[in-house]
Every structure is written in structure tokens, then in C-alpha cells.
1. Just one of the numbered conditions (1) farther than 30 Å from Leu115 by Cβ; (2) surrounded by 12 or more Cβ atoms within 10 Å (Cβ to Cβ); (3) at pLDDT below 90 is not true of Glu3; which one?
2. Does segment 64-79 contain any residue that is open to solvent by 90 Å² or more (accessible area, probe 1.4 Å), more than 30 Å from Leu114 (Cα to Cα) and at pLDDT below 90?
3. I'd like the full set of residues that are in contact with a strand residue (DSSP E or B) (Cβ under 9 Å, 6 or more places away or on another chain) and among the acidic types (Asp, Glu), limited to segment 4-49.
4. Across segment 4-42, what is the number of residues that are within 13 Å of Val54 (Cα to Cα), within 27 Å of the chain's Cα centre (by Cα) and of a type in the set (A, V, I, L, M)?
5. Please find, within segment 6-33, the residue that is surrounded by the most Cβ atoms within 10 Å (Cβ to Cβ) out of those that are part of a helix (DSSP H, G or I) and of a type in the set (Gly, Ala, Ser).
6. Contact list please: Cβ distance under 7 Å, first residue in segment 81-92 and touching a residue at least 60 places away in the same chain (Cβ under 8 Å), second residue small (Gly, Ala, Ser), pairs at least six apart or on different chains.
7. Asp36 - would you say it is out of contact with any His (no Cβ under 6 Å at 6 or more places or on another chain), modelled with pLDDT of 50 or more and surrounded by 10 or more Cβ atoms within 10 Å (Cβ to Cβ)?
Amino acid sequence: MEELPEIRIGTAEREDAMRRLSDHFAAGRLSVAEFDERSAVIAAAVTRGDITPVFADLPDPLVKAAAVPAESRSGFLAGWPERAMAVVPILAVILFFTTGSWLWFLAIPLMGALLFGSGHGGHGGHGGHGRGHDRRRDS
């Protein structure tokens, strides 16, 4: 069903329009002056037709809708690497006192590398290589 432009709007619709306008401003699509002008129009809007021209030259916010399902990590196994990593130092201390060997503390960085070293944006393995190449260019 098509929305009629002469239908009156309330505070919730104005707040939604301001949120969408703020998203466009944050994305760099509007200057400060344009944002001020358009937010004044939204604040004074009485009908849907008053708000429609504010967004006429702006794209639809499709990126926000696609990002929402990706953030819904819940359940028992969500975040298990973080929880396992929190247990490793405690386990290393217990094993140190029971066996008397300090080698158990090597499990802490080993587990960190195994749990977070790959598949998380490549932060762990590429930082050192880039710095080494920069040093060679400088010398």
C-alpha cells in the first residue's frame, strides 16, 4: 500500500527521519549547512509529504539492513575462543604448581595464536612483515 503524502506524522516519524538524516551526514553525504537546513525541515514537518523532499537526492540506507543479521551472534558457543583463552592462564598456573614445570606458561601464547591467529582479519601475521620491508627501504 502506497503511503499518502497528506497523512500527518508524529514524533516517532520525525525522530526516525532525523536518525536517517544523521546517518547520511555521518556518511559524508551532507555538509553541515545542508544538515542544518534539512533537520529544520524535518522538525517543522507535519505530513509525510513534508519529509519526502528531504531525502529525494539521497540513497536508500541498504547497507544498514544488510549489516544487522551479521551482528546477531548469540547462543552457547558464541564467543567460545575468548572464553577458552580466559581459562588457559589459570590452567597454566595450576599445572605449574602441580608439575613444577614452567613450560606450561608457553601454552598461553600458543593458544592465543591457535585461537586468534588466523581467520580474524590477518592482524597477527602481517604486521611484522610490513615493518621489516620499511626498514630495508630506509637503509
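1. For Glu3, the failing item is (2).
2. Within segment 64-79, the first condition is being open to solvent by 90 Å² or more (accessible area, probe 1.4 Å), and the residues that meet it are 64, 68, 71, 73-74, 76-77.
Filter again for more than 30 Å from Leu114 (Cα to Cα), leaving 64.
Of the ones still in play, those that are also at pLDDT below 90 are 64.
Checked segment 64-79: at least one residue is open to solvent by 90 Å² or more (accessible area, probe 1.4 Å), more than 30 Å from Leu114 (Cα to Cα) and at pLDDT below 90.
3. Passing the criteria: only Glu6.
4. Residues in segment 4-42 being within 13 Å of Val54 (Cα to Cα), within 27 Å of the chain's Cα centre (by Cα) and of a type in the set (A, V, I, L, M): 4 in total.
5. Applying the first criterion (part of a helix (DSSP H, G or I)) to segment 6-33 yields 11-26, 32-33.
Now restrict to residues that are of a type in the set (Gly, Ala, Ser): 12, 17, 22, 26, 33.
On the way: Ala12: 8, Ala17: 23, Ser22: 13, Ala26: 10, Ala33: 8.
The selected residue is Ala17.
6. So the pair list comes out empty.
7. Yes: the conditions hold for Asp36.
Conditions (1) touching a Pro at 6+ places or on another chain (Cβ under 6 Å); (2) at pLDDT 80 or above; (3) not charged (D, E, K, R), marked per residue:
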| site | (1), (2), (3) |
| --- | --- |
| Ile7 | no, yes, yes |
| Met18 | no, yes, yes |
| Val46 | no, yes, yes |
| Pro61 | no, no, yes |
| Arg83 | no, yes, no |
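The values are calculated or read from the model by the stated rules, or taken from the named source; none is laboratory data. These figures come from a predicted structure and were not determined experimentally. As a convention, Cβ positions derive from the backbone with ideal geometry for all residues, glycine included, and neighbour counts pool all protein chains shown. Ligands, DNA and RNA are excluded from the accessible area calculation, which covers all protein heavy atoms including side chains. Shrake-Rupley method; radii C 1.70, N 1.55, O 1.52, S 1.80 Å.
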